[in-house]
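A short worksheet on the structure shown next.
The values are calculated or read from the model by the stated rules, or taken from the named source; none is laboratory data. From a predicted model like this one, the values you see are computed outputs, not experimental measurements. Please note: Cβ atoms are built from the backbone with ideal geometry, for glycine as well, and neighbour counts cover all protein chains shown. Areas reflect the complete protein model, heavy atoms only, side chains present, ligands, DNA and RNA absent. Shrake-Rupley method; radii C 1.70, N 1.55, O 1.52, S 1.80 Å.
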Amino acid sequence: MARLPSFIREIDKKGKLARIKKPVSTYLEIAGIMKALGDRPVLFEKVTGSRFRVAGNLFSTRKGVADSLGIKEGQLLRKIQDAIDNPKKPTLSKSADFIEMDADLRKLPLLFHYPKDGGPFITSGVVIAHDKQYGRNCSFHRMMVIGKDRFSMRILPRHLHKFIERARGELDVAVCIGCPVNVLLAGATSVGLGVDELGIANALKRIETVKLDSGIEVPAESEFVIEGRITREMADEGPFVDITGTYDIVRKQPVMEVDRILHKRDAVYHALLPGEMEHKLLMGMPREPTIFREVSRECECKGVHITPGGCSWLHAVVGIKKRKEDDGKKAINAAFRGHGSLKHVVVVDDDIDIYDPRSVEWAIATRLQADKGVVMRKEPGSSLDPSADLETRMTCKMGIDATKPLGERIKKFEKAIGLKVDLKKYLER
Ligand code: MN
């Protein structure tokens, strides 16, 4: 079993882990330290008011995610795509050594992230629910603490919402915290209703599940499991700083009541700092394969990068091998199909490094005439974009075809290459 603490030990062995031994507060302090550390993984060993340790920034780089899956960085997109296409049912294990504690959320190290947030939030919780017809669903929901055993939960009209409707407003759920990265990535995928995201997680890297008293099967590797029910009651949820780094508005959202809290011995709580790299990677990266798939239907797609500067949600760069003049435009439309929240997309040729913002900007600078290469479309987009209409999600999306034209004139667009020296030869003393 690959629990989070063993992954943290691996990071520590490589000398990359920041260990904070000084007591820290869950009120703004832990979030502040995590932000100041940037991509660096951190373990808080003493948290004021809780006996549990807190870890964060664990999966803040593509390399870190790839390492924990046991693959190379360049294989990530294909690997996630393959797992989405071929989910495998996880094996059911008899026991997961959970210990039950008081159903009192105040005893957990739940972070208050930003000064104007509506309360402490759970941000790394994978919510698992069952439905007679559709089976199991796993999805991320931000959860605001509104009492010692109550949350208000942001639930968009997707699968969990449908399950709640079918259960006439009351639904048993289990919230798993401190999951391995394959479960986190799977929880962030957008697949069809009825597809078990834990099957995707298991295809990424083997996991086992364990059955709770409620009948819900959860990853045995979870550090914490909060069992409870989504109720018909509604309460204010927010304000909350989400992936854009801006405060999302207050909305009436369903209330979850907590019945039971389980944890592993020496459990580590996984804190996911909203709007920072770990949040961005885990949320954005699983959309790259879905864009890749749609673009591949239209032309030869070489790669997709959901870029951190675009909040890892609103922007993507798509690399193609252009063969027909309209491939760029087709790729733009396909990319919007592949990720409904995408707002701006840049399509580039395969000589451009999609991971290098300077290379992408160079393509825009030298290969684009806006009156020909820019596509605009008014339609609903992301609920997280503060510049869109927050109720209707109406927005103006833009696609930029920064590929060079084919045919005769192509020569003037060629990037100059051919300078090759062995620098060592010149810098030696
Ligand atoms: Mn689902």
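At a glance:
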| read-out | value |
| --- | --- |
| Residues of segment 400-429 satisfying the condition of being over 26 Å from K329 (Cα atoms) and in a helix (DSSP H, G or I) | L423, K424, K425, Y426, L427 |
| Any hit, segment 368-381, residues being modelled with pLDDT of 95 or more, open to solvent by 80 Å² or more (accessible area, probe 1.4 Å) and within 28 Å of R251 (Cα to Cα) | yes |
| Among (1) over 21 Å from the mean Cα position of the chain (by Cα); (2) more than 16 Å from the ligand (Cβ to nearest atom); (3) open to solvent by 10 Å² or more (accessible area, probe 1.4 Å) - the single one I261 does not satisfy | (3) |
| Among (1) in contact with a helix residue (DSSP H, G or I) (Cβ under 6 Å, 6 or more places away or on another chain); (2) of a type outside the set (G, A, S); (3) within 15 Å of the ligand (Cβ to nearest atom); (4) part of a loop (DSSP other than H, G, I, E, B) - the single one K88 does not satisfy | (3) |
| Number of the condition not met by S190 [criteria: (1) within 21 Å of M277 (Cα to Cα); (2) within 15 Å of the ligand (Cβ to nearest atom); (3) surrounded by fewer than 20 Cβ atoms within 10 Å (Cβ to Cβ); (4) at pLDDT 95 or above] | (4) |
| Condition met for T366 (in a helix (DSSP H, G or I) and in contact with a His (Cβ under 7 Å, 6 or more places away or on another chain)) | no |
| Yes/no for I122 being away from the ligand (no atom under 13 Å from the Cβ) and either open to solvent by less than 10 Å² (accessible area, probe 1.4 Å) or modelled with pLDDT under 95 (or both) | yes |
| Residue that is nearest to R251 (Cα to Cα) [pool: residues in segment 382-429 that are of a type in the set (S, T, N, Q) and either loosely packed, with under 10 Cβ neighbours inside 10 Å or without any contact (Cβ under 8 Å) to a residue 24 or more places away in the chain (or both)] | T392 |
| Conditions (1) within 16 Å of the ligand (Cβ to nearest atom); (2) within 20 Å of E221 (Cα to Cα); (3) buried (at least 21 other Cβ atoms within 10 Å of the Cβ): number failed by V181 | (1) |
| Count - residues of segment 46-89 that are under 15 Å from E10 (Cα atoms), open to solvent by 70 Å² or more (accessible area, probe 1.4 Å) and β-branched (V, I, T) | 0 |
| Selection status of K132, within 11 Å of the ligand (Cβ to nearest atom), surrounded by fewer than 23 Cβ atoms within 10 Å (Cβ to Cβ), over 18 Å from the mean Cα position of the chain (by Cα) and not polar (S, T, N, Q) | no |
| Matching residues, segment 135-152, being in contact with a helix residue (DSSP H, G or I) (Cβ under 9 Å, 6 or more places away or on another chain), in a strand (DSSP E or B), within 15 Å of the ligand (Cβ to nearest atom) and open to solvent by 10 Å² or more (accessible area, probe 1.4 Å) | R136, S139, F140 |
